[in-house]
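The values are calculated or read from the model by the stated rules, or taken from the named source; none is laboratory data. Please read all numbers here as calculations on a predicted model, not as lab measurements. Note: ideal-geometry Cβ built from the backbone for every residue, glycine included; neighbour counts use all protein chains shown.
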Amino acid sequence: MKAVIPGTSLAIHPDRFPDPVEDVPTDQDAGRAVLAGGCFWCVEAVYQPLDGVQSVVSGYAGGDAASANYEAVCSGRTGHAEVVEVRYDPRRISFGALLKLFFAVAHDPTQKDRQGNDRGPQYRSAIFPVDEAQRKVAEDYIQQLNNAGAFTAPIVTTLEPGHPFHPAEDYHQDFARRNPNQPYITHVAKPKLEKLHAAFPEMLKT
C-alpha cells in the first residue's frame, strides 16, 4: 500500500527549469521512454496530459519477468523499479522535453531509493534508456542540472540501459484519473498536476 507523503516539495522553480542543451534528433527518436520516479500512479498522471504523448503504461523494469508483479516488487528484493513507459510522437514532443518534466515536476531526483515516505529500491529515481542516444542525452542533462545547481542536493538518478519493460497489473493503469479522491492521489499526484498546469501550460493537450 502506498504511504501518503505530506508536504513533499522540490528545491527548484519549475517555470525557470533549464531545457536540455542536447536532445535526441527527431529522426532518431525512438518515441518511447521508460522512467522511474517513485510511485508509478503519480508519474503516469504527469505524462498523460502532455501534447504529443500517445500512451502511458505503468509497469516494472530492472528485474526479470518472473518477478515482475506488484507483490514481489513491493518486497524491494527483485531489482525492479516502478516505472512508466511513455510512447510519444517525436514531432510534437521530444525525449529531452520528457526529461525536463521528469526532473522538474514528476519526482524529486535527489532522494535515493525513496520518494517521501515510500522507501525501497523499487521507488528509486532511474532512467531506462531504450538506446544509446537516450542514454547520452540523459547523462548530459543530469550533468547540466548538477552544474547549474538546479537542486540543493546532488541528483542521484541512475541510468540503467538494457532492461525490458513489464506492464503492471490492470488495476494500476490510469489509476490517478480513475481514483481522483484516493488519499495518496490527492496528497501526491494532485500537487504534481497543479505544478505541471501552472508552470508548463503550453505543453498540455488542448
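Miscellaneous remarks
- Restricting region 1-60 to residues that are of a type in the set (Gly, Ala, Ser) and modelled with pLDDT under 95, the residue that is farthest from ASN181 (Cα to Cα) is ALA11.
- Checking each residue in region 115-125 for being more than 20 Å from HIS163 (Cα to Cα) and either without any contact (Cβ under 8 Å) to a residue 24 or more places away in the chain or surrounded by 19 or more Cβ atoms within 10 Å (Cβ to Cβ) (or both) picks out GLN115, GLY116, ASP118, ARG119.
- Flag if ALA81 is in contact with a helix residue (DSSP H, G or I) (Cβ under 9 Å, 6 or more places away or on another chain) and either aromatic (Phe, Trp, Tyr) or under 22 Å from VAL137 (Cβ atoms) (or both): yes
- First in region 168-186 and under 9 Å from TRP41 (Cα atoms), second anywhere and of a type in the set (Gly, Ala, Ser) and in a helix (DSSP H, G or I), Cβ under 6 Å, 6 or more apart: ALA176/ALA45; ALA176/ALA189; ILE185/ALA176
- If you go through region 148-171 and pick out every residue that is modelled with pLDDT under 95 and touching a Pro at 6+ places or on another chain (Cβ under 8 Å), you end up with 3.
- Against the criterion of being crowded, with 16+ Cβ neighbours inside 10 Å, out of contact with any Ser or Thr (no Cβ under 8 Å at 6 or more places or on another chain), at pLDDT 95 or above and of a type in the set (Phe, Trp, Tyr), PHE175 does not qualify.
- Output for region 116-131, where each listed residue is assigned to a loop (DSSP other than H, G, I, E, B) and either in contact with a helix residue (DSSP H, G or I) (Cβ under 7 Å, 6 or more places away or on another chain) or not β-branched (Val, Ile, Thr) (or both): GLY116, ASN117, GLY120, ARG124, PHE128, PRO129, ASP131
- GLY149 at positive phi, under 18 Å from the mean Cα position of the chain (by Cα), surrounded by fewer than 14 Cβ atoms within 10 Å (Cβ to Cβ) and not basic (Lys, Arg): no
- Within region 122-135, the presence of at least one residue that is among the aliphatic types (A, V, I, L, M) and out of contact with any strand residue (DSSP E or B) (no Cβ under 8 Å at 6 or more places or on another chain) is confirmed.
- Residues being part of a helix (DSSP H, G or I), without any contact (Cβ under 8 Å) to a residue 60 or more places away in the chain and either polar (S, T, N, Q) or in contact with a His (Cβ under 8 Å, 6 or more places away or on another chain) (or both) - total across region 137-161: 3
- Matching residues in region 191-202 - criterion: being buried (at least 16 other Cβ atoms within 10 Å of the Cβ) and out of contact with any Pro (no Cβ under 8 Å at 6 or more places or on another chain): PRO191, LYS192
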